[in-house]
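Single-structure report; data block below.
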Amino acid sequence: MFGRDPWGGSLEISNADSATDDDRSRNLQDYDRAALSRQLDETQQSWLLAAPGDPSGKKKKRYVDLGCVVVSRKLFLWTVGSVLGIGLLVGFIMLIIKTVPHHHRPPPPPDEYTQALHKALMFFNAQRCKHSLSSSPSPQVI
């Protein structure tokens, strides 16, 4: 029924000066003998005795649940970072390709042969139209 302090010691709050409490704790003259006589279980010992570089004190590996697959957080971040990096690289390359002017050669100026061929084709087409108009029964428009 009474509340018990799991770490041992009294539950009373004293109005003593904090300087005296600090001095007492430094000198280790006043300590709770009940807390020292109690044996610690394995978990409490691991909390107290584990060194920072101890593999047993290592953090748990974090995982990301994607719905259909559970992957480690490190692998997930590397995958997302790689995809974003490749996307940015491709986008940057596309931006450069679109903004840099393309060097197309201008069409060559028409020479005399090209102009003569164009006029000859126009004449030939006009002669053919004239021939088809004379053989048709429809009225001719001149």
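The values are calculated or read from the model by the stated rules, or taken from the named source; none is laboratory data. All figures in this text were calculated on a predicted structure; none of them were measured in a lab. Every residue, glycine among them, receives a Cβ derived from its backbone with ideal geometry; neighbour counts consider all protein chains shown. Remember, those area values only see protein heavy atoms, side chains included, never the ligands or the DNA or RNA. Shrake-Rupley method; radii C 1.70, N 1.55, O 1.52, S 1.80 Å.
Among the residues of segment 101-113, write down those that are modelled with pLDDT under 90 and loosely packed, with under 10 Cβ neighbours inside 10 Å. First the steps, then the outcome.
Initial filter on segment 101-113 (modelled with pLDDT under 90): 101-110.
Matches in segment 101-113: 101, 102, 103, 104, 105, 106, 107, 108, 109.
Look at residue 141 and say whether it is modelled with pLDDT under 85 and either open to solvent by 100 Å² or more (accessible area, probe 1.4 Å) or touching a Ser or Thr at 6+ places or on another chain (Cβ under 9 Å) (or both).
Working: modelled with pLDDT under 85: yes; either open to solvent by 100 Å² or more (accessible area, probe 1.4 Å) or touching a Ser or Thr at 6+ places or on another chain (Cβ under 9 Å) (or both): yes.
Against the criterion (modelled with pLDDT under 85 and either open to solvent by 100 Å² or more (accessible area, probe 1.4 Å) or touching a Ser or Thr at 6+ places or on another chain (Cβ under 9 Å) (or both)), residue 141 qualifies.
Considering only segment 59-82, state which residues are out of contact with any Asp or Glu (no Cβ under 9 Å at 6 or more places or on another chain) and among the hydrophobic types (A, V, I, L, M, F, W, C). Spell out how you get there, then give the answer.
Going residue by residue through segment 59-82, those that are out of contact with any Asp or Glu (no Cβ under 9 Å at 6 or more places or on another chain) are 59-70, 72-82.
Answer for segment 59-82, where residues must be out of contact with any Asp or Glu (no Cβ under 9 Å at 6 or more places or on another chain) and among the hydrophobic types (A, V, I, L, M, F, W, C): 64, 66, 68, 69, 70, 75, 76, 77, 78, 80.
Examine segment 63-74 for a residue that is open to solvent by 60 Å² or more (accessible area, probe 1.4 Å), in a loop (DSSP other than H, G, I, E, B) and at pLDDT below 85, and state whether such a residue exists.
Here is the first cut: in segment 63-74, the ones open to solvent by 60 Å² or more (accessible area, probe 1.4 Å) are 63, 65-70, 73-74.
After this cut, where a residue has to be in a loop (DSSP other than H, G, I, E, B) as well, the list is 66-69.
Keeping just the survivors that are at pLDDT below 85 gives none.
No, segment 63-74 has no match at all.
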